[in-house]
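Quick notes on the structure that follows.
The values are calculated or read from the model by the stated rules, or taken from the named source; none is laboratory data. The model shown is predicted, which means the values in this text are computed figures rather than measured ones. Ideal geometry is used to build each Cβ from the backbone, glycine not excepted, and the neighbour counts take in all protein chains shown. Ligands, DNA and RNA are excluded from the accessible area calculation, which covers all protein heavy atoms including side chains. Shrake-Rupley method; radii C 1.70, N 1.55, O 1.52, S 1.80 Å.
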Amino acid sequence: MYKYHCLNPIAQVGLDGFDNRYIKTDNYDEAEGVLVRSAAMHDLEIPEKLLCVARAGAGVNNIPLDKMAEKGVVVFNTPGANANGVKELVFAGMLLACRDITGGIDWVKANKDDENIAKTAEKEKKNFAGTEIMGKKLGIIGLGAIGIRVANAAKHMGMEVYGYDPYISVDAAWSLSRDIKHVTNLDDIFTNCDFITIHVPLMDSTKNTINAEAIDKMKQGVVILNFARDVLCDEKAILEGIKAGKIRKYVSDFPNPTTAGKEGCIVIPHLGASTEESEDNCAIMAVKEMRDYLENGNIRNSVNFPAIDMGVCEKVGRVAVFHKNEPNMIASFTRVFGDNGINISDMSNKSRKDVAVSMFDVETKITDEIKEQLAAVDGVFRVRVVK
Ligand SMILES: NC(=O)c1ccc[n+]([C@@H]2O[C@H](COP(=O)([O-])OP(=O)(O)OC[C@H]3O[C@@H](n4cnc5c(N)ncnc54)[C@H](O)[C@@H]3O)[C@@H](O)[C@H]2O)c1
């Protein structure tokens with residue numbers, strides 16, 4: 001029997017993924033698994049029993065990842081689960097930038113009492129007219145879960161698509177329509193595209209990717225879309241670009257005092273992932289990750305430990321050891337098994353930066369004594385007997 005705790009409300013369709021071996025508890029301290037959305041975990045103690053935290057969403061800055069790793073607590077997120085929700089809003093952003101749709105809607109509201117509104121609208125509509133996206137060039141910086149979806153959908157909308165991602169994953173590359181021009185130099189995006197959209201993670205190296213120098217290289221009347229993070233763009237430089245008439249519109253999903261209410265800026269209140277489907281998908285994925293870890297020890301989409309997958313354990317026992325990524329660790333573990341006369345049927349070792357996980361399927365039940373001997377190896381954070 002496993003106990004899980006929800007630090008935030010989690011979509012029921014996700015929780016339905018737990019079977020009768022799982023009990024929901026209101027007590028954080030007694031849970032083996034915790035589901036969380038935005039609740040801040042930095043000031044919470046890490047209970048002894050806690051084995052994993054699954055964040056239903058992408059960002060994990062509400063969770064102390066290193067502190068969790070030191071205690072052998074695996075933290076998961078749900079990358080890509082909200083990608084379609086963001087993709088659809090990117091298209092809404094593009095269309096809002098092309099015609100003054102919101103200005104037009106406001107005009108209709110302001111003239112709601114005009115008996116002749118239909119006739120007046122025909123005269124006034126030229127004030128809200130614009131352009132189409134078909135045939136225009138769209139540049140996408142970052143071809144991950146969201147960027148790929150935007151690229152493929154834009155192709156279907158008749159756009160000419162340029163994509164830039166020096167670290168594109170093999171899976172993403174396979175999913176990318178072959179009509180998309182994969183460029184290796186960001187300048188090809190800056191100089192050629194009518195619309196530029198950014199979908200990279202926030203890191204020191206990606207901050208201000210769109211800066212004054214980049215804007216200088218852009219076409220007159222370019223539209224810039226930012227549904228990733230505000231600081232990926234130098235927004236002061238963008239306001240200058242709008243003032244100079246170089247940038248037609250800046251569409252952002254991140255309100256802040258720099259851009260809110262500013263001429264030429266269409267700012268949305270962070271609605272990218274705010275769809276029922278995104279919340280459902282995140283909850284379903286978080287519960288699946290948690291179950292595979294609790295039941296089998298497998299790790300997929302962790303943000304503080306490497307991925308490891310040994311399927312379902314068919315042997316007598318399975319043990320997972322979380323440890324520092326240092327030489328001689330595996331030799332120390334196999335010595336413990338050997339000294340206790342235990343045969344290893346299968347094993348896997350994966351590392352990520354300073355931490356590693358070693359998992360062993362064995363033909364003898366793992367006793368508390370063996371567990372203690374493994375835990376006593378220098379550099380071990382935690383030993384978990386999965387089966
Ligand atoms: N608006 C929202 O509500 C919302 C929702 C989800 C995600 N996001 C943001 O969108 C970003 C992208 O999300 P995703 O799910 O597509 O992530 P992802 O990890 O699937 O894709 C990111 C891509 O960026 C690429 N990349 C990394 N550094 C790069 C660089 N310097 N230049 C070009 N490409 C680079 C990676 O190779 C990867 O393919 C997230 O980091 C997050 O900040 C926003």
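Structure data summary
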item	result
Residue within region 355-376 that is open to solvent by 60 Å² or more (accessible area, probe 1.4 Å) and assigned to a strand (DSSP E or B) present	no
Of residues in region 219-241 being open to solvent by less than 60 Å² (accessible area, probe 1.4 Å), of a type outside the set (A, V, I, L, M) and not in a helix (DSSP H, G or I), the one nearest to the ligand (Cβ to nearest atom)	Phe227
From Glu263, Glu213, residue being in a loop (DSSP other than H, G, I, E, B), open to solvent by 40 Å² or more (accessible area, probe 1.4 Å) and away from the ligand (no atom under 14 Å from the Cβ)	Glu263
Residue in region 115-125 that is outside any strand (DSSP E or B), more than 16 Å from the ligand (Cβ to nearest atom) and within 30 Å of the chain's Cα centre (by Cα) present	no
Ala151 being modelled with pLDDT under 95, open to solvent by less than 20 Å² (accessible area, probe 1.4 Å) and within 16 Å of the ligand (Cβ to nearest atom)	no
Of all residues making up region 299-315, the number that are more than 17 Å from Met68 (Cα to Cα), in a loop (DSSP other than H, G, I, E, B) and modelled with pLDDT of 95 or more	4
Subset of region 184-203 (residues that are open to solvent by 20 Å² or more (accessible area, probe 1.4 Å) and at pLDDT 95 or above)	Thr184, Asn185, Leu186, Asp187, Asp188, Thr191, Asn192, Asp194, His199, Val200
Breaking point among (1) of a type in the set (A, V, I, L, M, F, W, C); (2) outside the structural domain of Val161 (by TED's automatic domain parsing); (3) open to solvent by 20 Å² or more (accessible area, probe 1.4 Å), for Leu294	(3)
Of all residues making up region 175-188, the number that are within 13 Å of the ligand (Cβ to nearest atom) and out of contact with any helix residue (DSSP H, G or I) (no Cβ under 9 Å at 6 or more places or on another chain)	3
Subset of region 171-212 (residues that are free of Cβ contacts under 8 Å to residues at least 60 places away in the same chain and of a type in the set (Ser, Thr, Tyr))	Ser175, Ser177, Thr184, Thr191, Ser205, Thr206
Long-range neighbours under 6 Å by Cβ, at least six apart or interchain, first residue in the same structural domain as Thr209 (by TED's automatic domain parsing) and assigned to a loop (DSSP other than H, G, I, E, B) within region 153-170, second at pLDDT 95 or above and near the ligand (Cβ under 9 Å from one of its atoms)	Asp165/Gly142; Asp165/Leu143; Ile168/Leu143
Residue match in region 131-138 (condition: touching a Ser or Thr at 6+ places or on another chain (Cβ under 8 Å), farther than 17 Å from Leu225 by Cβ and away from the ligand (no atom under 13 Å from the Cβ))	no
